[in-house]
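Worksheet: one structure, shown below.
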Amino acid sequence: MSDLSSRRKFLTGAAAAVAALPAGGLLAAPQATAPTQRPAAQPRKLPAAGQFPVKAISSKNGLAATKRAYELLMQGKDTLDACVEGVTIVENDPNDMTVGYGGLPNEEGVVELDAAVMHGPTHQAGSVAALRNIKNPAQVARLVMRQTDHVLLVGEGALRFARAHGFQEENLLTEKARKIWLYWKQSLSEKDDWIPPPDLELDPEIRKYFGRPTGTIHLAGINAAGDISCVTSTSGLAFKIPGRVGDSPIVGAGLYVDNTVGSCGSTGRGEANLQNLSSFAGVEMMRQGMSPEEAGMEVLRRVAKTTPKRLLDDKGRPNYSLKFYLLSKDGRHAGVSMWGPAEFSVTDKSGSRIEKCVFLHEGEPAD
Ligand code: GLY
């Protein structure tokens, strides 16, 4: 399918969806003709002030991060500060090769990080993209939100901004990440001059990362007052073209929160999410009365429906992974995944644990 015909298909679908909506579009009250064809849900009763169920949820790689964020939420720390502190643990971890220090680099072997933060109580957001040499992009994104009149800084400008605020520059490429990148480069083509080492000489750890891994952490937290904030941080698609920016730092795509409704954030193939602004859509669906799980699954179906043919497997299913993590104002949560089984992390009064995502397709993506 050409891009033009897939675009036409998308527009037809979008037009049908818009036609089914009331004049105010997604922000208007739910009606029986909403895209899922379900009757309008009644608004759920919210907990009394000060009695919202405190919790933090994240992508699977953020179990320790949710634990830390939960502790801070319980201590009364601002919801965004709690989330950023949780994410910092993963950004500092060289063993997580999809976030911060030790993240896999771009095609030239340089680590470029993206991150965004959103603070529910003030509805303010900040983000940085293609940031080099600074291992905690979520902290820089929070400063963009608090100490500038802007929302998004990129590349050299983001680096200078971080420098001005005293962030230390360092080489973010670990030896392990360098070796994985080098093997990718050596194996890329038989028409260039790079030759991979013989199989027997290859460290199995390096082989494990063959392909284009996507990772990322998304973390959202709600406190007893019912305030919600969230953070997404990533090194992005491994071996990307320098300057490529994914969904993570784009408000509405990599994350979104409306303090009266809930939050949504993502990990996985950023391009698929960017073309649907899925985190914004997920929150708007919860506003219409869907549960976090229903909203997440509807978002996945939308993304699947607009996927170009070149990214579909032989059964017409998206050949990539994509996950969303949703938290509603009344404290319900869900993780949803294009492919499963898949998991995500939660910490609340019952403790820290890994939970199962609901998924659209069973198995592994073909990519
Ligand atoms: N979701 C992370 C990325 O695509 O960069």
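Fully extending the segment from GLU156 to ASN171 would add 3.9 nm, taking 0.36 nm per residue of separation and subtracting the current Cα-Cα distance.
Structure note, pairs LYS77/LYS356; LYS208/LYS309; LYS191/LYS240; LYS191/LYS315: Cα-Cα distances above 22 angstrom occur for LYS77/LYS356; LYS208/LYS309; LYS191/LYS315. Around ALA116, what is the net charge, scoring Lys/Arg as +1 and Asp/Glu as -1 over all other residues with Cβ under 10 Å from its Cβ? With Lys, Arg at +1 and Asp, Glu at -1, the neighbours total -1. The apolar share of the surface of the chain, taken as the fraction of accessible area on carbon and sulfur atoms (1.4 Å probe, ligands and nucleic acids excluded), comes to 53 percent.
Computing FRET efficiency as 1/(1 + (r/R0)^6) for HIS361 and ARG310, where r is the C-beta to C-beta distance and R0 is 22 Å, gives about 0.80.
FRET efficiency for the GLU107 to ALA49 pair, using the beta carbon distance and R₀ = 51 Å, is estimated at 0.50. On the basis of the beta-carbon distance and an R0 of 51 Å, GLU201 and SER352 show a calculated FRET efficiency of 0.80.
Of the trypsin sites (Lys or Arg not before Pro) found in the stretch 171-278, those in coil by DSSP whose Cβ has at most 13 other Cβ atoms within 10 Å are LYS191, LYS208.
Protein heavy-atom accessible surface, 1.4 Å probe, per residue over the stretch 255-303: 26 Å². Taking each DSSP H run with n ≥ 4 as -39500 (n - 2.57) and averaging over every residue of the chain yields -9000 deg cm²/dmol at 222 nm. Our note on the geometry: Cα centres of the stretch 312-353 and the stretch 87-132, 20 Å apart. Each residue, LEU188 and PHE210, gets one label point 7 Å from its Cα in the Cβ direction; the gap between the two is 1.8 nm.
The values are calculated or read from the model by the stated rules, or taken from the named source; none is laboratory data. These numbers were taken from a predicted model, which means no experiment stands behind them. In this analysis, Cβ positions are derived from the backbone assuming ideal geometry, glycine residues included, and neighbour counts consider all displayed protein chains. Note: areas computed on protein heavy atoms with side chains; ligands, DNA, RNA excluded. Shrake-Rupley method; radii C 1.70, N 1.55, O 1.52, S 1.80 Å.
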